Amino acid sequence: MSEKHVIPVGTYVGIFTALIALTGLTVWVAFHDFGSMNTVIAVGIACIKALLVALFFMHLKYSARILWLYAGTAIAFFILLITITLSDYRSREWFPTPKAWSQPTATAPGASH
Amino acid sequence: MSSASQANEHVAHHFESAEQQRQSAQLGMWAFLVTEVMFFSGLFAAYIIYRSLYPEAWTVGSHMLSIGLGGFNTIILLCSSLTMALAVHAAQTDKRGASARWIILTIVLGLAFLGVKMVEYSAKIEHHLVPGAHFHLDPAQELANLQAAGVQVGDHLRHAMETVNTAHVQLFFSLYFAITGLHALHMIIGIGVMIWLLKTTIEGRYSSAYINPVEVSGLYWHFVDIVWIFLFPLLYLVGRH
Amino acid sequence: MSEASTNATATAAPKSYLDDGSTIRSWLLTIDHKRIAILYLISITIFFALGAFAAAAFRLELLTPQGDFLSAETYNKFFTMHGIVMIFFFLLPSIPAVMGNFLIPIMIGAKDMAFPRLNLLSWYVFMAGAGLAISAIIAGGVDTGWTFYTPYSSMYANSHVILAVTGAFIAGFSSIMTGLNIIVTVQKMRAPGLTWFRLPLFVWSMYATSLVVLLGTPVVAISLAMIFVERFLGFGIFDPALGGDPVLFQHIFWFYSHPAVYIMILPSMGVISEVIACFSRRRVYGYTFVAFSSLAIAVIGFFVWGHHMFVSGQSAYAGVIFSFLTFFVAIPTAIKIINWIMTMHKGSISFDAPMLYAFGFLGLFLVGGLTGLFLSTMATDVHLHDTYFVVSHFHYVMVGGGVMGFFAALHYWWPKMMGRMYPEGWAKFAAIVIFIGFNLTFLPQFQMGYHGMPRRYHAYAPEFQIMHVMSTAGASVMGAGYLTMFSYLIWSLFKGKKASANPWDSRGLEWETACPPPTHNFLETPVVTQDAYSFDLPSVTCVLEKKDKPEEHRV
Ligand SMILES: [Cu+2]
């Protein structure tokens with residue numbers, strides 16, 4: 001980082017072309033059935049695009065390690081929030097709901113007042 | 001320290017060197033972008049959780065969005081990222097005029113994005129797809145419309161349209177407006193920053209020795225682009241197959 | 001007194017930051033981190049008084065079980081006001097924005113924060129947020145509790161939720177600005193020779209705190225923004241009628257609001273490290289462990305938020321994991337406490353007022369931490385959840401830990417900030433009064449909470465009255481302590497003994513410059529050649545370079 005790195009214009013144009021191509025690819029994939037993989041592929045392509053923008057347009061590739069660390073921290077905590085929260089929702093049905101709760105009947109205690 | 005090099009006139013009183021100032025500016029912006037990622041993370045969490053609960057509503061919802069307009073906007077933003085990168089490049093290589101022109105182009109592309117967004121929003125308002133009391137969606141009608149428009153309706157979509165709970169679609173649109181609205185707000189702020197950058201560039205404040213504001217504003221602009229890179233497939237493309 | 005500090009005062013005494021301009025404009029438009037710290041100090045003192053006033057009102061109400069002084073609705077508004085004001089407008093900015101702002105550049109030998117104008121902006125943003133929150137109070141109050149739980153806040157509450165939420169949202173950005181500034185300043189502006197492991201532990205803990213601020217605050221901001229959108233625009237993000245889940249709000253809210261406890265407590269821990277080292281005349285035992293335990297607390301703090309949601313309808317499996325993870329926070333915390341005790345062991349301890357507050361911190365925070373174990377255990381939490389046991393627990397942590405640390409810092413660095421000494425006898429007296437008052441207030445609350453007294457009720461069963469009366473009496477004692485402190489501190493500003501540069505014969509760069517420091521902190525950039533807390537070395541840590549040249553010629 002002590003040296004200002006000037007990336008040649010050609011690289012920028014190349015990255016831009018790749019980004020447009022990946023956009024086309026993600027649209028194409030969306031119209032084909034890969035089962036549950038559709039979302040995975042879409043997010044995967046988006047991640048590659050984001051990485052290209054960060055590494056080259058945002059010069060991360062040529063930046064100090066501390067900036068990598070901060071960028072990585074952001075991604076890690078983003079994933080943390082989502083996975084832990086999601087794990088709550090995914091595991092809610094694991095716990096069997098007692099019959100008396102799910103099907104209140106007239107004879108259930110307390111319901112006859 | 002006493003030699004009055006060209007770089008030194010830009011060094012603020014509390015920094016020891018231009019390099020220290022530059023590194024501080026960069027770290028500051030990246031740290032700010034960390035907070036921006038976390039800012040969006042709450043909405044993304046809501047998006048992912050509700051999608052996992054109501055996948056058919058997300059399928060129906062994404063079919064209500066225009067893939068053409070969304071895709072067009074994606075291209076516009078990618079172009080603006082290129083022009084922004086070139087503006088920084090021009091500033092790095094002391095081409096002030098070129099830098100100003102690339103910034104103008106970036107602003108124009110940013111405005112174009114917002115224009116397209118407005119067209120999309122007004123279409124949603126017209127079709128009563130704004131969440132709230134006026135929300136109205138008739139899946140059977142929409143299915144007929146799609147078929148009339150010559151769209152291939154696969155089993156997946158037909159099943160979603162037939163079984164969807166329209167309240168859940170309203171949830172989809174709540175998140176659609178919240179996320180894209182927040183993104184649009186970032187675009188508006190970004191355009192404001194670009195206008196200021198244009199003014200200071202024309203005034204000749206930057207040279208290859210001092211381009212911190214150009215670089216740092218560029219980082220922000222690219223970040224807003226990255227958010228859209230994720231929003232496009234997640235909102236417009238899910239459940240299209 | 002150390003050698004270089006005499007030097008610093010001797011060289012053609014430059015204007016102190018307090019004398020560098022006396023107009024209102026020179027204060028309101030200042031970009032000097034020290035003046036901004038003073039602006040923050042004045043503001044948070046006002047908000048502390050406001051929060052204390054609310055507490056006084058509902059403590060009075062709780063003297064009798066009937067609920068005859070305040071109506072249920074007014075009572076709800078008062079405890080909400082107490083929570084919002086004390087958390088968002090006192091505790092969160094207390095040490096970071098006042099002490100961090102004032103001390104960090106001086107401790108690392110810098111002239112100012114990395115972004116001085118951003119620093120000033122943060123104060124204005126803070127005041128704007130506070131203005132909105134206070135306007136909500138004036139307009140008639142908010143009754144949601146400081147947690148703003150949905151769907152009550154988003155759909156049912158008839159109070160001024162939008163104003164309060166917007167105020168807290170905006171104040172969050174001020175927090176972020178300060179945190180960002182601290183991170184960049186510590187990372188990039190340390191004086192030559194000041195390596196990471198020579199930093200005072202206060203700087204380490206402020207860095208860890210700022211990481212929490214950066215990662216957490218935007219998340220609570222977005223959760224509040226979602227309430228705003230739901231209430232104001234009618235979008236139903238948490239609306240069960242649309243399939244939305246109100247518990248999702250709790251997830252997003254507590255993702256920040258649990259780590260927020262560490263935003264309040266980590267800075268205090270940093271202060272305690274400084275104070276205990278100084279008044280035991282020993283280097284902090286296990287420096288690296290204490291330093292890294294700050295980072296560990298910051299990171300682990302993000303994995304445990306679900307312990308607030310054991311009875312909210314969260315999955316029992318998620319609850320088990322959150323409960324398990326919560327216990328891990330105890331490890332770095334225990335490391336700190338053991339190391340502080342080891343620092344005092346065989347040290348030459350003196351009982352000045354800052355040290356008394358540090359002792360207060362140790363005792364009260366320990367009780368707060370240990371009662372936390374009851375609450376992080378799922379089985380006991382089901383019994384204790386939403387009772388006074390919880391109320392007492394978090395007051396022991398946030399007041400016993402956070403506020404005691406703030407008072408320790410205020411006394412320890414008061415001579416540095418104001419250039420005057422406070423009256424030591426009165427300070428010791430107030431410290432003891434506050435300690436006694438605090439325990440009298442909150443110990444009975446553990447008891448009544450355990451016996452089933454729920455929180456947030458204005459009327460209660462008569463058998464709890466005796467403990468409520470004790471609690472209110474304790475609050476009065478504590479209030480008297482606060483007033484004493486306020487009076488002698490104000491008195492000292494005008495009549496206090498002039499402070500020498502290093503009144504405690506302490507170590508660290510902040511003691512190498514004048515009391516109060518000049519505008520740019522140091523006449524020359526200091527060069528650090530020693531570790532922090534080198535009490536065994538007679539001389540000072542910094543060697544001033546080019547002593548003969550006045551500052552203007554240097555840059
Ligand atoms: Cu917690």
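Using a 1.4 Å probe, how large is the accessible area of C:I87, given in Å² and rounded to the nearest 10?
Its accessible surface works out to 10 Å², give or take rounding.
May I ask you to order C:211-219, C:17-25 by the average number of other C-beta atoms within 10 Å around their residues, highest value first?
Put in order of decreasing packing, that is C:211-219, C:17-25.
Mind ordering B:168-175, C:472-479, C:278-285 by average Cβ neighbours within 10 Å, highest first?
B:168-175, C:278-285, C:472-479
Please report, ordered by residue number, every helix of chain B (full DSSP H runs) that is 15 Å or longer along its axis going by C-alpha atoms and whose mean Kyte-Doolittle hydropathy reaches -1.0.
Flagged H segments are B:18-53, B:67-92, B:96-126, B:166-202, B:212-231.
Roughly what would the spin-label model give for B:H241 and A:A21, points 7 Å off Cα along C-beta, in nm?
Each label point lies 7 Å from its Cα, and together they span 2.3 nm.
Cut-off under 17 Å on the C-alpha distance; same-chain residues fewer than 8 positions from B:K95 excluded. Which aspartates and glutamates are left, in chain and number order?
Candidates past the 8-residue exclusion: B:E203, B:E215.
Rg to Rh for chain C: what is it, with Cα atoms only and Rh by Kirkwood?
That ratio equals 0.97.
So what's the gap between the Cα centers of segment C:141-173 and segment C:238-290, to the nearest angstrom?
22 Å
Restricting things to alpha carbons, tell me how big the protein assembly as shown is in terms of Rg and Dmax, in Å.
Expressed in Å, the Cα Rg and Dmax of the protein assembly as shown come to 29.1, 95.
Label-point separation (nm) for B:A133 and C:A241, each offset 7 Å from Cα along Cα-to-Cβ?
Spacing of the two 7 Å Cα→Cβ label points: 1.1 nm.
For chain C, find the longest principal axis of its Cα atoms and tell me its angle to the long axis of helix C:388-397, 0 to 90°, nearest 10.
On a 0 to 90 degree scale, this one is about 10.
Counting only other chains, what is the mean number of Cβ atoms within 10 angstrom of the Cβ of each residue in peptide C:319-329?
1
On a 0 to 90° scale, report how tilted helix C:404-418 is relative to the longest principal axis of chain C, with both axes built from alpha carbons and the result rounded to the nearest 10.
For C:404-418 against chain C, the angle is about 30 degrees.
Suppose every K and R has +1 on its Cβ and every D and E has -1 on its Cβ; what is the size of the dipole of segment C:3-554 about the Cα centre, in Debye to the nearest 20?
1040 debye
Give me the distance between the Cα centres of segment B:81-123 and segment C:460-491, rounded to whole Å.
Computed from Cα coordinates, the inter-centre distance equals 61 Å.
Roughly how many whole Å is it from the C-alpha centroid of segment B:25-54 to that of segment C:71-116?
Centre-to-centre distance over Cα atoms comes out at 25 Å.
With unit charges on the beta carbons (Lys and Arg positive, Asp and Glu negative) and the dipole taken about the Cα centre of the protein assembly as shown, which residue among C:W491, B:L237, C:N439 sits farthest to the positive side?
Comparing the listed Cα positions along the dipole, C:W491 ranks first.
Top to bottom by accessible area (1.4 Å), largest first, where do B:H128, C:H458, C:H160 land?
Result, largest first: B:H128, C:H160, C:H458.
List, in the order given, every pair from C:K111/C:K428; C:K416/C:K495; C:K416/C:K498; C:K15/C:K111; C:K111/C:K416; C:K428/C:K495 whose Cα-Cα distance in the structure shown is over 22 Å.
C:K111/C:K428
Calculate the spin-label point distance for C:A330 paired with B:W196, positioning each point 7 Å from the Cα along the beta-carbon direction, and give it in nanometres.
About 4.9 nm, to one decimal.
Using r as the Cβ-Cβ distance of A:L51 and C:Y317, and R0 as 45 Å, what FRET efficiency do you calculate, to the nearest 0.05?
Step by step, r from the Cβ atoms, then E = 0.85.
For C:K77, give me every one of the aspartates and glutamates with a C-alpha distance below 18 angstrom, ignoring sequence neighbours fewer than eight places off in its own chain.
C:E61, C:D68, C:D143, C:D386
Stretch C:Y457-C:L121 to full length: gain in nm at 0.36 nm per residue minus the Cα-Cα span?
Full extension of this stretch gives 117.0 nm more.
Can you return the aspartates and glutamates within cross-link range of B:K124? Criterion is Cα-Cα under 15 Å, with same-chain partners fewer than 8 residues away left out.
B:D138, B:E142
Report, to the nearest 10°, how far helix C:201-228 tilts away from the longest principal axis of the Cα atoms in chain C, using its own Cα long axis and a range of 0 to 90°.
30 degrees
The values are calculated or read from the model by the stated rules, or taken from the named source; none is laboratory data. Values in this document were obtained by computation on a predicted structure and should not be read as measured data. Because the Cβ atoms are built from the backbone with ideal geometry, glycine has one as well, and the counts that use them run over all protein chains shown. Protein only, heavy atoms only, side chains kept; ligands, DNA and RNA dropped before computing areas. Shrake-Rupley method; radii C 1.70, N 1.55, O 1.52, S 1.80 Å.
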